[in-house]
Amino acid sequence: MTTQLFIDGGWTTASAEPIATYNPATAEVIDEVGSASSSDVDAAVDAARRALGSADWAGLLPVQRARLLFRLADLIEQNADELARLETLDQGQPIGVSRAVSVTGAAEHFRYYAGWVTKIEGTVSPISYPDTLHYTKREPIGVTALITPWNFPLMILAWKLAPALATGNTVVIKPSEVTPLTSIRLVELCVEAGIPAGVVNLVTGDGSVGAMLSSHRGIDHLSYTGSTAVGRLITHASADSNLKRLTLELGGKAPSIIAADANIDAAVAGNIGGGMLNSGQVCAAYTRFYVDRSREAEFVDKLAAGVAGMRLGAGIDESTQLGPLVSAKHLGHVERLVAAGVAEGAEVVTGGNRAERDGYFFEPTVFTGVTDEMTIVHEEIFGPVLSVLAYDGVDELDALIARANDTEYGLAATVWTTDIATSQRLANGIKAGAVFVNMPPVPDMAAPWGGYKASGWGREMGPQAIDAYTETKAVWLHYGS
Ligand code: NAD
């Protein structure tokens, strides 16, 4: 059976050719997914436009809108087991990650922004005009398109949809064609929660459907998470159409710095957590390790032993620590970059090949002898591949910061040290949206998330997402004669 689109409160058959979605652990087809045509996209945008000003949506009191989001959070939890299994089936991530990160994270985002609905305030500004009241208020931007990637499909959709709805927008969702199944299920739960017709619409399909949205004049704001290359296309399309507002969460190449005084066991455990989560398919994954030369050998030995001991397997198996990559295409991308590392002279300490089993598995891989100019230091691998570089002590911290910043990206970074001054110098010097000290990269709905440089525009999560999904209106009221 082919999945359907959701437009104006009804499920409808897509007009274009369906696309198969695969189980990455077996390479078998799970489902055929409907592909939207441009007339389907127009219908979804029109429905979202009509719903925007409707009594059923715009007429809701804040407490009523909040109640819908609280109910959706509850429904996600009530269906947690099914959602986690579906995410693992379609995306490949270990079931423990699906439960603890994807599903729990999704529910928490809806509950957090449900709390915000009744707390979105304006200001009264001390303007220098006589007898004039000036106040600001937050208004929804309007019809918002949400385009999501395949690495954490459910949670990333939740971190967009929750603030979009909390602030009164209406939405058209376009999940990745590689992993659409939990997004479809979440839309069913939106209906069950009582979200009115037309407020949430879903168009599935490949990048061409995303391109229809990014050039659509009926879309007021587009929130996108995915590769920097596609982020650039979306930016051009916005500029060439209606200059729709953009929130862009793009690629990353996070450095991890291990100082001489670091607790190496903790750093190894944390870096395996931060580098291997979801088989390294994490935008904030640590992939470049700058280790004080005096601790390099110990770090490499322990890191290589740690990753080599990870249990590879299907995500649905409770004992699996490392699942497959998401697709055959992505497996090819990781293989190509590993081959480039070898060709450019890096040394493979462990791994280096696709695993000999069905599905899209790649061995956890550690490179040493890596130098700053190598492709594996600059390109986003998005796989279980870790590169170790050395540096020469705290006296060289400024040079180290320059090396860590020698990337077009600036999403996340981490620092492992027991010295507070070193941690502060590094945290202040690194150009990244989030710097973690002595811990792996974790998202939290209360903490702003986003990138410097080519890692994106704007911030999602936390109170910052309220800014991202609203316009500020200033009202001037002259009451003098
Ligand atoms: P991708 O860019 O291939 O696809 C992302 C989405 O964009 C998909 O829904 C796709 O169909 C759509 N798309 C493709 N071409 C399009 C076009 N021309 N116009 C509009 N939409 C189009 O990304 P991906 O491979 O699914 O995800 C991996 C990437 O996402 C990595 O670069 C990763 O760093 C990034 N990412 C970033 C964050 C963050 O918070 N910054 C989080 C997760 C993933």
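Since every read-out is calculated from the coordinates, none of them should be taken as a lab result. All values reported here derive from a predicted model rather than from experimental measurement. Virtual Cβ from ideal backbone geometry, glycine too; neighbours counted across all protein chains shown.
Odds and ends about this structure:
- Net length gained if the chain between Asn242 and Lys329 were fully extended (0.36 nm per residue, minus Cα distance): 28.0 nm
- Residue-by-residue Karplus 3J(HN,Hα) for the range 67-72, coefficients 6.51, -1.76, 1.60, Hz, glycine and proline x: 4, 4, 6, 4, 5, 5
- The angle separating the long axis of helix 420-429 from the principal Cα axis of greatest extent in the chain is about 60 degrees.
- Here the Karplus curve 6.51 cos²θ - 1.76 cosθ + 1.60, taken at θ = phi - 60°, turns the phi angles of the range 244-258 into couplings of 4, 5, 10, 10, 10, 10, 10, x, x, 8, 5, x, 10, 10, 10 Hz, with x standing for Gly and Pro.
- Cross-link pairs beyond the 31 Å C-alpha cut-off, checked among Lys253/Lys302; Lys137/Lys431; Lys174/Lys329; Lys253/Lys473; Lys302/Lys431: Lys137/Lys431; Lys253/Lys473
- Per-residue 3J(HN,Hα) values for the range 355-360, derived from phi via the Karplus relation 6.51 cos²θ - 1.76 cosθ + 1.60 with θ = phi - 60°, read 6, 7, 6, 5, x, 9 Hz in sequence order (x marks Gly and Pro).
- Residues Cys283, Cys190, ranked from the fewest to the most other C-beta atoms within 10 Å, line up as Cys190, Cys283.
- Overall Cα dimensions of the chain, principal axis frame, Å, largest first: 75, 63, 41
- Length released on extending from Thr26 to Gln4, taking residue separation times 0.36 nm less the Cα-Cα span: 5.5 nm
- Dividing the summed -39500 (n - 2.57) terms of all DSSP H runs of n ≥ 4 by the residue count of the chain sets its mean residue ellipticity at 222 nm at -11000 deg cm²/dmol.
- Taking amide H atoms as placed 1.01 Å from N in the peptide plane, the amide H of Ser37 lies under 5 Å from those of Ser15, Ala16, each 5 or more residues away in sequence or on another chain.
- Amide H partners (placed H, <5 Å) of Thr3, local residues excluded: Glu32, Val33, Gly34
- With contacts taken as Cα pairs under 8 Å at a separation of at least 6 residues, the chain carries a relative contact order of 18 percent.
- Of interest is the spacing of the C-alpha centroids, which for the range 61-76 and the range 334-405 amounts to 45 Å.
- FRET efficiency for Glu408 and Asp74, using Cβ-Cβ distance with R0 set to 41 Å, rounded to 0.05: 0.50
- Crossing angle, helix 296-308 versus the chain [Cα axis fit, 0-90 degrees, rounded to tens]: 70 degrees
- Counting beta carbons within 10 Å around each of Lys329, Lys453 and listing the fewest first gives the order Lys329, Lys453.
- Least to most buried among Trp150, Trp449, Trp416 (fewest other Cβ within 10 Å first): Trp150, Trp449, Trp416
- Angle of helix 328-343 to the longest C-alpha principal axis of the chain, folded into 0 to 90 degrees and rounded to 10: 40°.
- Residues whose amide H lies under 5 Å from that of Phe436, counting only those 5 or more places away or on a different chain, are Ala413, Thr414, Val415; hydrogens are built 1.01 Å from N in the peptide plane.
- Across the range 23-99, Cα pairs under 8 Å and at least six residues apart give a relative contact order of 39 percent.
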